[in-house]
Amino acid sequence: MQAVRHIVFCVLGAGLLTVLLASGLQPAAETPGAAPREMLSEYGFFTGNMADLVPAEDVVPYQLNTPLFSDYAEKSRFIQLPADSAITYDSVDVLHFPIGTTLIKTFWYPQDFRHPEKGRRLLETRLLMHETGGWKALVYIWNEEQTDAWLEVAGDRKPVSFTNANGHTVSLDYSIPNLNQCKGCHNTNEVMTPIGPTARQLNGDYDYASGPENQLQHWIKAGMLRGLDDASHAPRAPVWNDPQTGTLADRARIWLEINCAHCHKQNGPASTSGLFLLASEKDPVKIGIRKTPVAAGRGSADLQFDIVPGHPEKSILVYRMESTDPGIMMPELSRKLTHKEGLELVKEWIRQMK
Amino acid sequence: MRLLPILTLGALVICQQPVYAQQDMQKKIQRQLIMAEDGSVIELPAGQFQLSSTLSLEGKKKILIKGAGMDKTILSFKGQTEGAEGLRVSNAEDITIRDLTVQDTKGDGIKTMQVKGIAFKQVKVEWTGPPVKENGAYGLYPVQCRQVLIDSCIAIGASDAGLYVGQSSDIVVRNCIAKNNVAGIEIENSLHAEVYQNEALENTGGILVFDLPDLVQKKGGYVKVYNNNIHHNNFPNFAPKGNTVAKVPAGTGVMVLATSHVEVYNNKIHYNNSAGTAIISYFMTENPINDSLYDPYPSNVYVHDNDYLRDRVRFQGKGRMGMMFRFKLRFGKNVPHIIYDGILNQEWTDGNGRYKPEYRICISDNNNASFANLDAGNKFKNVSRNMDLYDCSNPVATTVSY
């Protein structure tokens, strides 16, 4: 099946090239692995009714121990590896995915978080495709009928309404990123990269059709992952809201890492700030403790330091996490709501800090 | 019904600056910015465009973004709901932005990061309405860029700096106007910059040259500030506290903070009623210094051939700095034009306790200048108004390529 699809693409690709040349246009310098498809269904990631997100045989679901907060949207993640290839293990950075890998992430809201059976609305599916020229991001927006999703480079906004876990109705203008915004976060040394799938984030159980199993172990067994003999030898990121999995500090730090450190790291877009929030950062000033802000503008809230131990109310970090004003809030993209539970976690961490 | 086309035509003629529906235009411009081939020109027509989120350009080479003219193509971000900047350019090469105005962004006006070759020409960034701390921080904001040119631009109302260049190198800022910002023009942790023929007026501080701790580009310097008209920078400081500029006293003309190799000359520095020119160490901010690689002392600063004037009024700054002048320094209305905090790095001194020639602060040949060394490291005990010790020359050479 893989081979057939490849041939079809080559024919189409060659056709496109001819058209481009005939019309006097320059083709892209590095011919990428695939011209983006117009519709999500064309990739064949899912079988049966598209909106049910039932993966095709070579598509594997996964989850992260502590994911990025995205306005309370639920996310369904899948990975497709090219045939006869495997991921190379890395104990620190994002795993090394072979050329031809696609990471598939669909964002959706249940009608009612207390009653998942009432149905859900899929909003967008984001693809990260690893091509010879590097990673490429694409965004597909689902139609109202929930039959398919269409490529959109310039982003969009969709009014969304759902009932939250406390039974309150929440409404927001859900924001779908444009392709530049993808790069705004998926960026290390100005090169596009995945953020979530590190060994430590994947080192947890997933409820597969065959029953719950450690994801790394599952990948090793399936021949998807090389360089690690057993999941027990890999580091494990805590689950931010599960005290069984880590100390308060560890859980606050992993929350800050996944929500902030894609920019706030030495080689990330917020390197200008000098605030570095990887969980592995050891220097107290670099994680914000008694650090003065650099270019915070009114994000400083008239406060002096990013973090004042014992005083979340005096900490700029907390103020910016709480705000929903685009000129103040952090992260600055893909957020219209405050992550109240994450905020509480970080506040408690700062409150107990000496 | 027949009248309709005529009416429509009439409306077009009357409204020279049509306001376009936001969502369409937002997507249209953003799509152009994403799809632009290297080497292309993106032309923005005349008109006022109401935009709701940041426009961005990423990973491109040799792009010209061109409006129909400053005040003709107006990108208004009033009521912006997404992203903090108006326009953001990143990871790019040889980008020019010209002939347009960006208004009322929630955060910075135009931020460019990791760009090699960025030029702004005839670009205005402004916050309409009174200057308040709710305004965005920076007007033009190139950071971590190389080869920066800001020419004939205008910045009004920024709650930090109107024209700001940070952690960059090879910089020219010329022929610009900065008004009603906290800092008019600021060069921060940047190497090799020339700032000339600008007018900085009615800001809190006119032109600032700063080196701050805890940043990726540690060391700035080799900055020349000349032929500028720096006047009436007495605007009350409206920066949100916590930001370093919030500590700049109203009435500052030029401030050199913790930077080395700075030459300030041939400027008109008039009616900046607190400090026409201040040369100070980072200790004056009273912020803690945790960065072991940071150098908090200004050195090799050469201030000469400037023309000074001030009103006979008291020091204008408020806060701790204001208290210091009122109760400790007691200059009254005879505030010196040039102040130096006098805090020395002992490692750079000679046997007489003075800086060796290569570190010296030189102040000479200024017109109508008075001076004070505040002796700030010694609780202001021996304030000296004698300029003779600083009669030397220490010119700065830059490698600016424009």
Comparing B:Gly351, B:Gly276, B:Gly117 in a Gaussian network model of chain B (Cα, 10 Å), the one with the largest mean-square fluctuation is B:Gly351
The range A:37-233: relative contact order in percent, alpha carbon pairs under 8 Å with at least 6 residues between:
20
Given a Förster distance of 56 Å, the FRET efficiency implied by the Cβ-Cβ spacing of A:Thr132 and B:Phe380, rounded to the nearest 0.05, works out to 0.30
Sorted by Cβ neighbour density within 10 Å, fewest at the top, the residues B:Asp388, A:Asp90
B:Asp388, A:Asp90
Ellipticity estimate at 222 nm from DSSP helix runs (n ≥ 4, -39,500 (n - 2.57)) divided over the protein assembly as shown, nearest 500:
-4000 deg cm²/dmol
Using alpha carbon centroids, what distance separates the range B:332-350 and the range A:280-335, in Å?
34
Estimated inter-spin distance, A:Glu348 and B:Lys121, nm [label 7 Å along Cα→Cβ]
5.8
Calculate, in nm to one decimal, what A:Lys75 and A:Ser232 gain on full extension: separation in residues at 0.36 nm each, minus their alpha carbon distance.
53.9 nm
Given unit charges at Cβ for Lys, Arg (+) and Asp, Glu (-), the dipole magnitude of the protein assembly as shown about its Cα centre in debye, nearest 20, is 2040
Do the alpha carbons of any pairs in B:Lys27/B:Lys116; A:Lys158/B:Lys61; A:Lys336/B:Lys241; A:Lys336/B:Lys111; A:Lys336/B:Lys60; B:Lys333/B:Lys379 sit beyond 24 Å of each other, and which pairs?
B:Lys27/B:Lys116; A:Lys158/B:Lys61; A:Lys336/B:Lys241; A:Lys336/B:Lys60
Environment charge at B:Arg360 (Cβ cut-off 14 Å; Lys +1, Arg +1, Asp -1, Glu -1)
-3
Provide the gained length on full extension for the span A:Thr147 to A:Lys282, in nm with one decimal, where the gain is 0.36 nm per separating residue minus the Cα-Cα distance.
43.8 nm
Counting other Cβ atoms within 10 Å, which GluC sites (Glu not before Pro) in the range A:115-206 have at most 11 and lie in a DSSP loop?
A:Glu144, A:Glu145
Of A:Met39, A:Met129, A:Met330, the most mobile residue in a GNM of chain A (C-alpha springs, cutoff 10 Å) is A:Met39
Label-to-label distance, nm, for residues given as B:Ala397 and B:Tyr294 (7 Å Cα→Cβ offset):
3.2
Estimated distance in nm for a label pair at A:Glu190 and B:Thr128, the labels positioned 7 Å out from Cα along Cα-to-Cβ:
3.6
Charge dipole of the range B:220-325 built from unit charges on the beta carbon (Lys, Arg +1; Asp, Glu -1), centred at mean Cα; most positive-end Cα among B:Ala275, B:Phe325, B:Tyr265 is B:Phe325
To the nearest 0.05, what FRET efficiency results for B:Val41 and A:Asn267 with a Förster distance of 41 Å applied to their C-beta separation?
0.80
Percent RCO, i.e. relative contact order, over chain A, from Cα pairs under 8 Å lying at least 6 residues apart
13
If the chain between A:Asp90 and A:Ala35 were fully stretched, how many nm would it gain, using 0.36 nm times the residue separation less the Cα-Cα distance?
16.8 nm
What chymotrypsin sites (Phe, Trp or Tyr not before Pro) in the range B:153-231 are in a loop by DSSP, with at most 13 other Cβ atoms within 10 Å of the Cβ?
none
Do any GluC sites (Glu not before Pro) in the range B:48-147 lie in a DSSP loop with no more than 13 other beta carbon atoms within 10 Å, and if so, which?
none
Please determine, in degrees from 0 to 90 and to the nearest 10, the orientation of helix A:248-260 with respect to the longest principal axis defined by the Cα atoms of chain A, where the helix direction is its Cα long axis.
50
Applying 1/(1 + (r/R0)^6) with R0 = 22 Å to the Cβ-Cβ distance of B:Asp388 and B:Tyr196, what FRET efficiency is obtained, to the nearest 0.05?
0.15
Angle, helix A:340-352 long axis vs. longest principal axis of chain A, Cα atoms, 0 to 90°, nearest 10?
40
Hey, what do the phi angles of the range A:92-100 turn into as Karplus ³J(HN,Hα) couplings, whole Hz, using 6.51/-1.76/1.60 and θ = phi - 60°, x for Gly and Pro?
10, 8, 3, 4, 8, 8, x, 4, x
Which of the listed residues, A:Ile141, A:His218, B:Ile361, is farthest toward the dipole's positive end in the protein assembly as shown, when Lys, Arg count +1 and Asp, Glu count -1 at the beta-carbon?
B:Ile361
Residue-ordered couplings for the range B:32-48, obtained by feeding phi - 60° into the Karplus form 6.51 cos²θ - 1.76 cosθ + 1.60 and rounding to whole Hz (Gly and Pro as x), are 4, 5, 7, 8, 3, 6, 3, x, 9, 10, 10, 9, 9, x, 5, x, 9
Longest principal axis of chain B (C-alpha) makes with the long axis of helix B:3-14 (C-alpha) an angle, in degrees to the nearest 10, of 20
Looking only at other chains, what is the average number of their beta-carbon atoms within 10 angstrom of each beta-carbon in A:321-327?
5
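Since every read-out is calculated from the coordinates, none of them should be taken as a lab result. Since we're looking at a predicted model, the values are computed, not measured. With ideal geometry, Cβ positions are generated from the backbone for all residues, glycine too; neighbour counts draw on all protein chains shown.
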